[in-house]
Amino acid sequence: MRTTYHLFFVVILATILLSGCDENDLVEDNLNANSQDLYELYLQNKAGWVELNATDYDFEFTIDCFCGIAGQYSVSVRNKNITTIFRNASGVFIEAELFAQFYTIDDLFEQIQLAFDQDRQLSLGFDQTLYYPTLIIIDEDLIPVDGGYTMTTSNLLIIN
C-alpha cells in the first residue's frame with residue numbers, strides 16, 4: 001500500500017513539474033554568472049541570433065525594476081533601430097526621445113555581456129528557435145533593495 005502512495009506521489013509531482021514546459025521554455029536558468037556553461041550558452045545563442053541577421057522585427061518587452069520604465073511594452077525595430085514603443089498598460093506610444101532607455105535584441109546581448117564582464121549575478125533564458133534572450137535577471141538578490149532587475153522578451157516576429 002505504501003509503495004502505491006509513493007508511486008502516486010511521484011506521478012503527480014512529475015505531472016506538475018512537466019505541465020508548464022514547451023519547446024520555447026528556458027534553456028538554462030539560475031546559473032551563476034561565473035559559470036562557464038552559462039557563458040557558453042550565451043555565446044551559442046548570440047551566434048545563432050547574429051546568423052539570423054534579423055534587422056526588422058517586433059517583440060514584447062517587460063522590465064521589472066525600481067525605475068521609471070518598469071512595465072510591459074510592444075517594441076518595433078527596423079534596420080536594427082527602435083522605431084516605435086507602445087506601453088501596453090496605458091495604451092500610449094513612448095516618445096522617441098526616450099528610446100535610448102530601451103533595448104533592441106542586439107542591445108540585450110550587449111547588456112548580458114556587460115553583466116558577465118562585471119561579474120554580476122545572472123540568470124538567463126533563450127528562445128530555442130530564434131536564439132534571442134527570453135529572460136535576463138541581473139543581481140536577483142538585490143531586487144528588493146532597488147539594485148537588480150528582470151527583463152523578459154517574447155513573441156518575437158522577424159519581419160525581414
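Here are a few things to note about the model shown:
- For the stretch 70-87, backbone phi angles converted through the Karplus equation (6.51, -1.76, 1.60; θ = phi - 60°) give residue-by-residue couplings of 4, x, 10, 9, 9, 10, 10, 10, 10, 6, 6, 10, 5, 10, 8, 9, 10, 7 Hz, Gly and Pro being listed as x.
- Summing charges over all other residues whose Cβ lies under 11 Å from the Cβ of residue 132, with Lys and Arg as +1 and Asp and Glu as -1, gives -1.
- Cα pair distances in the stretch 54-109, grouped into 5 Å bins until the bin that holds the longest one, percent each: 4, 20, 33, 27, 12, 3, 0
- Other residues within the sphere of radius under 15 Å centred on the Cβ of residue 50, judged by their own Cβ, net out at -3 (K and R +1, D and E -1).
- For residue 132, the residues 5 or more places off, or on other chains, whose built amide H falls under 5 Å of its own are 127.
- Cα point-scatterer Debye curve for the stretch 26-158, base-10 log of I(q)/I(0) at q = 0.09, 0.12, 0.19 Å⁻¹: -0.25, -0.45, -1.12
- In this structure, the amide hydrogen of residue 149, modeled 1.01 Å from its nitrogen in the peptide plane, lies closer than 5 angstrom to those of 138, counting only residues at least 5 positions away or on a different chain.
- Counting only the Cα atoms, the stretch 44-85 fills a convex hull of 86 Å³ per residue.
- Positive minus negative residues near residue 158 (Lys, Arg vs Asp, Glu; Cβ under 9 Å): -2
- Residue-span extension gain [residue 158 to residue 113] - 0.36 nm each, minus C-alpha spacing: 13.9 nm
We did not get these values from a lab; they are worked out from the coordinates using the rules stated. From a predicted model like this one, the values you see are computed outputs, not experimental measurements. Using ideal geometry, Cβ is built from the backbone for each residue, glycine included, and neighbour counts are taken over all protein chains shown.
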